[in-house]
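One structure below.
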Amino acid sequence: MVDAESFIDDAVEEIREAVGEEHAVIALSGGVDSSVAAALAYEAIGDQLTPVYVDTGLMREGETEQIRDTFSYMDSLRVVAAEDRFLGALEGVTDPEEKRKVIGEQFIREFEREAKESDAEYLVQGTIYPDRIESEGNIKSHHNVGGLPDVVDFEGIVEPVRDLYKDEVREVARELGLEEIISERMPFPGPGLAVRVIGEVTKEKVEVARAACHVVEEEVEEHDPWQAFAAVIGKGTGVKGDNRVHGWIVSVRSVESRDGMTARAQELPWETLQRIQSRITGENENVARVVYDVTHKPPATIEYE
């Protein structure tokens with residue numbers, strides 16, 4: 001386990017040395033990894049840092065408002081509305097790896113645009129060790145590693161938590177005094193809901209996934225999963241009222257893990273699963289059925305794409 005106090009001192013010094021007198025932008029998503037990187041960078045270089053949150057349209061319910069509240073102490077925080085650009089870039093894309101690469105490139109272009117406005121030469125990211133392992137091992141390309149384009153218009157990319165596992169990042173977050181809503185928050189994929197939608201990403205499918213994920217997170221909170229969410233995996237027939245419908249099939253996943261490298265499907269109570277399916281099908285007329293994923297990692301990955 002990491003010595004959080006010593007790590008913070010070393011990371012702050014590393015960022016100061018890397019950035020020097022230049023300016024940097026930090027890719028801020030609201031998850032614990034990027035939040036820790038932002039806190040470290042802010043302590044290291046203060047006003048030389050511009051935190052940038054890109055609202056891709058693929059985020060969790062209420063994410064943008066949460067970002068504004070949590071990081072309001074950073075006066076230079078920028079919130080970029082980019083839903084149309086991301087959904088446009090993803091139009092017609094169905095391959096999971098291609099999705100990640102499209103999203104990775106779009107993220108970089110957004111940060112490059114913001115960097116020019118603030119004269120920033122460096123990009124700070126919350127890349128952690130499992131991101132690197134899975135990208136370099138061809139398991140899947142993380143948008144901030146294997147999903148990066150070949151040409152990036154930054155003098156350097158700084159990754160202060162690149163050697164930490166998720167549980168170690170949480171230890172650092174607690175030591176930094178970050179709010180519990182950040183330090184203990186469930187992991188959320190960098191590409192967002194795009195990897196919780198099988199096949200082409202559309203606004204309708206993203207909205208279904210977002211609402212379903214919100215239900216799952218609320219209903220399983222008392223069971224303390226490492227990660228829990230819902231994914232739109234296809235369409236099937238169902239009955240709503242007296243009508244036959246061809247609606248979305250939503251898969252629910254809840255896992256226990258230490259660091260995300262391996263995971264076991266959680267044995268949720270039947271009553272909890274029934275509440276989840278009742279809410280998801282009842283609150284969204286376009287959902288025909290709900291299934292529960294009992295696959296461990298391996299052989300599955302935690303996310304669907």
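With respect to the conditions (1) touching a strand residue (DSSP E or B) at 6+ places or on another chain (Cβ under 9 Å); (2) open to solvent by 20 Å² or more (accessible area, probe 1.4 Å); (3) under 17 Å from Tyr304 (Cβ atoms), Arg196 lacks only one, and its number is (2). Taking region 148-255 as the region of interest, the helices (runs of 4 or more DSSP H) fully inside it that hold 2 or more residues being acidic (Asp, Glu) and touching an Asp or Glu at 6+ places or on another chain (Cβ under 7 Å) are 166-176. Going by what's in this entry, would Glu43 be described as among the charged types (D, E, K, R), under 14 Å from the mean Cα position of the chain (by Cα), open to solvent by 10 Å² or more (accessible area, probe 1.4 Å) and in the same structural domain as Arg162 (by TED's automatic domain parsing)? In short, no. Does region 233-254 include one or more residues that are under 30 Å from Met1 (Cβ atoms) and not assigned by TED's automatic domain parsing to the domain that holds Ile133? Yes - at least one qualifying residue is present in region 233-254.
Given the criterion farther than 19 Å from Pro189 by Cβ, of a type outside the set (Lys, Arg), modelled with pLDDT of 95 or more and open to solvent by 70 Å² or more (accessible area, probe 1.4 Å), identify the matching residue among Val239, Val294, Val287.
Val294
Kindly evaluate Ala81 against the criterion of being at pLDDT 90 or above and in contact with an Asp or Glu (Cβ under 6 Å, 6 or more places away or on another chain). Judged against the criteria, Ala81 is a match.
Of the residues making up region 184-211, just one is closer than 19 Å to Arg289 by Cβ and touching a Ser or Thr at 6+ places or on another chain (Cβ under 6 Å), namely Gly199. Looking only at residues of region 46-61 that are in contact (Cβ under 8 Å) with a residue 40 or more places away in the chain and outside any loop (DSSP other than H, G, I, E, B), we find that the one that is surrounded by the fewest Cβ atoms within 10 Å (Cβ to Cβ) is Thr50.
Among the residues of region 149-194, the one identified as of a type in the set (Ser, Thr, Tyr) and under 21 Å from Glu217 (Cα atoms) is Ser183.
The values are calculated or read from the model by the stated rules, or taken from the named source; none is laboratory data. In this text, all values refer to a predicted model and were calculated from it rather than measured experimentally. Reconstructed Cβ throughout: ideal geometry from the backbone, glycine too, with neighbour counts over all protein chains shown. All accessible areas refer to the heavy atoms of the entire protein, side chains included, with ligands and DNA or RNA removed. Shrake-Rupley method; radii C 1.70, N 1.55, O 1.52, S 1.80 Å.
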